[in-house]
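Mind looking over this structure? Questions follow.
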Amino acid sequence: MTQALRISYCSCDDDASVWVPALQAALPGSEVLAWQPGAPDAEYAVVWKPPQAMLDAQGPNLKAIFNTGAGVDALLTLRLPSGVPLIRLDDAGMAVQMAEYVCQAVIRAFREFDAIERDMRAGRWRLRKPRQRADFAVGVLGMGVLGERVARALAAFEFPVNGWSRAPRDFGPVGVHGFHGAGQLPAFLAASRVLVCLLPLTPETENILNAQTLRQLPVGSHVINVARGAHVVDEDLMALLDSGHLAGATLDVFRVEPLPPEHAFWRHPAITLTPHTSARTLRADSVAQIADKIAALERGEPVAGVVDAARGY
Ligand code: NDP
Ligand code: OXD
């Protein structure tokens, strides 16, 4: 008789009392446990920012680790069991949320809705001169699962869209002008009036939104960061907003979360803040994706979303 698979769940943010039954329902015939010290060995681990002790406690039966988010930067700072594949969420309902969030931020900037709302609150009935979409190209840094979906949504609103990836790719069929690699970053920045960051956080991309890169955007540009706080050098961003080189920023992610009360971002008039909410992990979609991938792995089939730890994403 074959032994039932055991799945160990551990998250520092999410509630095991809802995730464990959801995983159990999607994986009948398996045993799903909330990890605790001394827990029995598992074949699969499902985690979000677990303690190092949880990873160290995994035994030789472990076949894969599932990350219940798209970004694996936090996990890759830990010591992972060697030779065990790490699998991230691959959209799982996040891409459309990201497209909604970024489109609203781009449209808000393009149509000057912040200023219009200020006028109306002050009792001023004032029409603004329509802007030209052709002057409002949006550059998406990171054309992966989320970036490409965002770029397609922006193209559907008829914004000119530029996309930057590591390797050369042809985004022509989705209406996006592709750029790649460090060599093409200056041309990409110079051609983008709104900059959207959807890069994974890796040693190569940390601090990528700094004085030197942000200065290459046209005067009056807007920055949208929905990836990770450490992509941005906070002081450089604020200096360029204060000098008027940048017109505004929409920030969903921060170096320290929750954003500390004393941080100057809270009070900056040109910055719009949201609490890391642009694309939430949807439990039902995520559980279904993980269960499907476990079933595929058990059949010996390949799955999407396997992280290349050396590359960092
Ligand atoms: P993917 O791994 O699918 O895509 C990453 C993209 O970035 C790829 O196009 C890749 O290029 C590009 N890239 C990576 N490194 C470089 C580099 N050095 N130079 C140029 N391009 C590079 O990631 P996702 O789209 O799924 O997610 C992106 C990030 O979004 C996550 O890592 C996470 O941090 C963040 N996120 C934020 C959320 C929120 O709520 N705010 C929710 C979910 C995710 P190539 O195509 O050539 O490999
Ligand atoms: C993620 C996130 O990486 O929610 O999935 O930030």
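Bear in mind these aren't lab numbers, they're just calculated from the coordinates by the rules spelled out. Predicted model only: the values in this text are computed from it and were never measured. Neighbour counts are summed over all protein chains in view; Cβ atoms, including those assigned to glycine, are modelled from backbone coordinates with ideal geometry.
Output needed: percent of Cα pairs per 5 Å distance bin for segment 212-270, bins running from 0 to the one holding the longest distance.
4, 19, 32, 27, 14, 4, 1
Highest mean first, how do 291-300, 144-153 rank when packing is the count of other Cβ atoms within 10 Å averaged over residues?
Top to bottom by mean Cβ count within 10 Å: 144-153, 291-300.
Another one. Tell me the volume per residue, in Å³, of the convex hull enclosing the alpha carbons of segment 29-139.
188
For segment 97-213, just run the numbers: alpha carbon Rg, then divide by 2.2 N^0.38 Å, N being how many residues it has.
For segment 97-213, the normalised Cα radius of gyration comes out at 1.16.
Below 8 Å, C-alpha to C-alpha, sequence gap of six or more: please give me the relative contact order for segment 121-221 in percent.
27
Helix 16-26 sits at what angle to the longest principal axis of the chain, using alpha carbons and giving 0 to 90 degrees rounded to 10?
The angle comes out near 70 degrees.
Between helix 283-298 and the chain, what is the angle of the helix's C-alpha long axis to the longest principal axis, kept within 0 to 90° and rounded to the nearest 10?
Approximately 50 degrees, to the nearest ten.
When only Cα pairs under 8 Å and 6 or more residues apart are kept, what is the percent relative contact order across the chain?
That works out to 16 percent.
Can you compute the helix-only [θ] at 222 nm over the chain? Use -39500 (n - 2.57) per DSSP H run of at least 4 residues, normalise by all residues, nearest 500 deg cm²/dmol.
-8500 deg cm²/dmol
Also, quick follow-up: Tell me, what is the Rg over Rh of the chain, with Rh the Kirkwood radius over Cα pairs?
Over the Cα atoms of the chain, Rg/Rh equals 1.02.
Return one number: the angle in degrees, 0 to 90 and rounded to the nearest 10, between the long axis of the Cα atoms of helix 94-110 and the longest principal axis of the Cα atoms of the chain.
Computed tilt is about 10 degrees.
For S221, which sequence-distant residues (separation of 5 or more, or a different chain) have an amide H within less than 5 Å of its own amide H, given hydrogens modelled in the peptide plane?
Correct list: A247.
Something else: Based on the Cα atoms of segment 168-313, what semi-axes does the equivalent ellipsoid have, where each is the square root of 5 times one gyration tensor eigenvalue, given in whole Å with the largest first?
Working through the eigenvalues yields semi-axes of 32, 21, 13 Å.
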